[in-house]
1. Through the Karplus equation 6.51 cos²θ - 1.76 cosθ + 1.60, θ set to phi - 60°, convert the phi angles of the range 84-91 into ³J(HN,Hα) values in whole Hz; use x for Gly and Pro.
2. Read phi for every residue in the range 93-99 and hand back ³J(HN,Hα) as whole Hz from Karplus 6.51 cos²θ - 1.76 cosθ + 1.60, θ = phi - 60°, with x for Gly and Pro.
3. Given H placed on each backbone N at 1.01 Å, which residues far from LEU45 in sequence or on other chains put an amide H within less than 5 Å of it?
4. Over the alpha-carbon set of the chain, divide Rg by the Kirkwood Rh and report the Rg/Rh ratio to two decimals.
5. Full extension from GLU38 to ARG143: what is 0.36 nm times the residue separation minus their Cα-Cα distance, to one decimal in nm?
6. To the nearest 10 degrees, how steep is helix 120-131 against the longest Cα principal axis of the chain, on a 0 to 90 scale?
7. Suppose the chain between VAL116 and GLN165 were pulled fully straight at 0.36 nm per residue; how much longer would it get relative to their current alpha carbon spacing?
8. Once the Cα atoms of helix 2-12 and of the chain are each reduced to a long axis, what angle between those two axes, in degrees from 0 to 90 to the nearest 10, is obtained?
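The values are calculated or read from the model by the stated rules, or taken from the named source; none is laboratory data. Small disclaimer: the values here were computed from a predicted structure and weren't measured. Cβ placement follows ideal geometry from the backbone for every residue including glycine, while neighbour counts extend to all protein chains displayed. Only protein heavy atoms, including side chains, enter the accessible area calculation; ligands, DNA and RNA are left aside. Shrake-Rupley method; radii C 1.70, N 1.55, O 1.52, S 1.80 Å.
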Amino acid sequence: MRTFRSLFLALLMLPVLAMAQQLPTPPTLAAKAWLLTEVESGQTLVEQNADNRLDPASLTKLMTAYITFGALKQGTIKIDQMVPVSEKAWRSEGSRMFIKVNTQVKVEDLIKGMIVQSGNDACVALSEAIAGSEENFVQMMNREAQRLGMKATSFRNSAGLPDPQHYTTARDLATLASALVHDFPEDYAKYY
């Protein structure tokens, strides 16, 4: 939960780091792969195994947020819209915001549940509200990943649950994080 927010917030600090005249020696990180880029220019400052395929886990929610913010911008959903909670959303495994089946929850509350609590149930409810089903939403995620140039990414669910065909790279996640900040600055400022 905190790891998702901490990593995302660290990605957003990149312009500050790039302004330093001399960058310090990169730290030793207990991570399989990582990438530090300057968001405005897109310049990679330092990286390790940035193109290795990895399970994105809850960082998948960056794409779920990206699609959700796009749906809000296009008017597909409204921020105060009430979303019915399906049994599938209610039964979501892993981290949850604990929404109840057969109730309705505001889109804004689902967004907060997805971002603050890393709620897998919130991701499923949002995906169903936007695309009719999580399966349709995953197709949207993969199309958007390709459009953004995320060439080494494949999504299989909206929350980041393990699946052998659910993967990405640090480089692709940096691309997505940068697009999220640039394409939806108001939503980013409000929720992150």
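1. The phi angles translate into x, 8, 7, 5, 4, 5, 4, 7 Hz.
2. 7, x, 5, 9, 9, 6, 6
3. Close amide H contacts, sequence-distant or interchain: LEU36, THR37, GLU38.
4. 0.97
5. 35.3 nm
6. Approximately 70 degrees, to the nearest ten.
7. 15.0 nm
8. That helix lies at roughly 50 degrees to the long axis.
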